[in-house]
Ligand SMILES: CC(=O)N[C@H]1[C@@H](OP(=O)(O)OP(=O)(O)OC[C@H]2O[C@@H](n3ccc(=O)[nH]c3=O)[C@H](O)[C@@H]2O)O[C@H](CO)[C@@H](O)[C@@H]1O
Ligand SMILES: C=C(OP(=O)(O)O)C(=O)O
């Protein structure tokens, strides 16, 4: 039997405590930012997840010396050898994650050229990088697309731009920040993404010596500076992981305290959690605080929501929450407006006894970019449904976690194939599950 299969005996509430550390979607970008510095950087509270290992390997190939610090979760980055790195085996990173694209600006500033292998990440839509490439070209980069990947150069250096994103893309905003900080002159970015992870990246860049103003109405202004130093930073906690455990508490009628979770980053999720009938209690002690999430008993209520950019309901919160909604009493509607193909995982939930129908229309609210384009991007969930055990194959990170929650909520024993994918974004999830009283084994 393959080692990548988890046997899950479901039907019992998850109860106990887990801890979340630095956010996957900040830590990986912060690691890229170290390449911009002329001196070493240190990060604390870095989770042991696959995406961190991938970016560590990528940075090491580019000559950044990465070492473990004295504290658990402390990583040190010394970028002083970037100019002398050989970078022969970069294609081992093809398809590994989305992070390599963010090296464009830092490498162009350091070396004058960059090679970016094919990107990976979750298969939740086509995930184009047109905004990234258009912005880079305007900064002055020459971009050559080849079958192996992207070759970039900047024969005349990189210069500040005035640019408006068609959609507030997180990655494109990060691309522009990481390029503009060392570009000559001022960059004005309109319709920028302002997710908490982006604000935290801005804090890091400011620590390094950047000048970045976040105006109202999604405008970010970056005054290029000639050089940046290193940084020392404790990242924001992973609000996606925190919400995943909260949804697991609801779906299994459990009670989970998520140490490290922070209210300010999760207010939209918390509103929905409360509307459904979940209860939570916030402990804002900076050292040992967190949020306790529990199912108070009785019926859960259905909800209508749409995913959106910050401060809206995060698309990455959607899948675990949908599992909890299969247990609510009535019809819930979830309109996914960030990715066009993020409901593929619902067919496995239906095999387990859920009643979820997906539609091409923009249901339950505002029309979005995907309306009338043939994408099944709205879901109607009828509950409560009795879930039963089955064999599952994990398709991607968040869908995988939601399959796992469904298996834990279902009566009987499920076999969940491909669980290693979950390590990409959830630190020690098997140990955490065991701590919460789940019966899981390889
Ligand atoms: C590693 C990381 O941080 N991943 C997160 C990041 O992904 P990522 O940065 O890839 O997501 P984006 O915000 O860029 O994507 C949002 C939307 O913009 C579109 N788009 C994006 C770029 C572009 O050049 N052209 C274009 O059309 C995408 O197809 C998508 O429909 O933000 C997403 C939205 O919060 C999260 O779900 C991901 O977990
Ligand atoms: C979509 C996600 O990640 P990535 O962009 O790394 O695929 C996610 O974290 O849910």
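The values are calculated or read from the model by the stated rules, or taken from the named source; none is laboratory data. In this text the structure is predicted, and so the values were computed from the model without any measurement. Glycine also receives a Cβ, built like all others from the backbone with ideal geometry; neighbour counts cover every protein chain displayed.
Residues that are in contact with a strand residue (DSSP E or B) (Cβ under 9 Å, 6 or more places away or on another chain) and over 21 Å from residue 316 (Cβ atoms) occur in the stretch 17-26; there is at least one. For the stretch 133-175, taking the residues that are under 30 Å from residue 50 (Cβ atoms) and touching a residue at least 60 places away in the same chain (Cβ under 8 Å), the one that is farthest from the chain's Cα centre (by Cα) is identified as 167. May I ask you to verify whether residue 100 is outside the structural domain of residue 400 (by TED's automatic domain parsing), at pLDDT below 95 and in a helix (DSSP H, G or I)? Yes; evaluated as a whole, the condition is true for this residue. In the stretch 378-400, the condition of being at pLDDT below 95, within 16 Å of ligand 2 (Cβ to nearest atom) and in contact with a strand residue (DSSP E or B) (Cβ under 9 Å, 6 or more places away or on another chain) is met by at least one residue.
Among all residues of the stretch 47-60, there is none that is surrounded by 24 or more Cβ atoms within 10 Å (Cβ to Cβ), more than 16 Å from ligand 1 (Cβ to nearest atom), under 24 Å from the mean Cα position of the chain (by Cα) and within 19 Å of residue 115 (Cβ to Cβ). If you go through the stretch 192-211 and keep only what is within 22 Å of the chain's Cα centre (by Cα), touching a residue at least 24 places away in the same chain (Cβ under 8 Å) and either assigned to a helix (DSSP H, G or I) or more than 24 Å from residue 266 (Cβ to Cβ) (or both), you end up with 196, 197, 198, 200, 201, 202, 203, 204, 205. Restricting attention to the stretch 134-155, does a residue exist that is under 25 Å from residue 422 (Cβ atoms), in contact with a strand residue (DSSP E or B) (Cβ under 6 Å, 6 or more places away or on another chain) and either away from ligand 2 (no atom under 16 Å from the Cβ) or outside any loop (DSSP other than H, G, I, E, B) (or both)? Within the stretch 134-155, none of the residues are under 25 Å from residue 422 (Cβ atoms), in contact with a strand residue (DSSP E or B) (Cβ under 6 Å, 6 or more places away or on another chain) and either away from ligand 2 (no atom under 16 Å from the Cβ) or outside any loop (DSSP other than H, G, I, E, B) (or both). Restricted to strands (runs of 3 or more DSSP E) entirely inside the stretch 1-93, those with at least 2 residues that are in the same structural domain as residue 202 (by TED's automatic domain parsing) and without any contact (Cβ under 8 Å) to a residue 24 or more places away in the chain are 65-68.
Can you pull out every residue in the stretch 107-132 that is without any contact (Cβ under 8 Å) to a residue 12 or more places away in the chain and not in a loop (DSSP other than H, G, I, E, B)? Steps first, please.
Residues of the stretch 107-132 without any contact (Cβ under 8 Å) to a residue 12 or more places away in the chain: 128, 130.
Within the stretch 107-132, 130 is the sole residue that qualifies.
The set of residues from the stretch 115-153 being touching a helix residue (DSSP H, G or I) at 6+ places or on another chain (Cβ under 7 Å) and at pLDDT 95 or above comprises 129, 131, 132, 135, 136, 139, 141, 143, 152. Taking the condition within 16 Å of ligand 2 (Cβ to nearest atom) and surrounded by fewer than 18 Cβ atoms within 10 Å (Cβ to Cβ), does residue 420 pass? Yes: the conditions hold for residue 420. Please determine whether any residue of the stretch 189-206 is surrounded by 18 or more Cβ atoms within 10 Å (Cβ to Cβ) and under 30 Å from residue 328 (Cα atoms). Yes, there is a match, as at least one residue in the stretch 189-206 is surrounded by 18 or more Cβ atoms within 10 Å (Cβ to Cβ) and under 30 Å from residue 328 (Cα atoms). Sort out which residues of the stretch 215-240 are over 22 Å from the mean Cα position of the chain (by Cα) and closer than 19 Å to residue 169 by Cα, and write them in order of number. Result: 215, 216, 217, 219, 221, 222.
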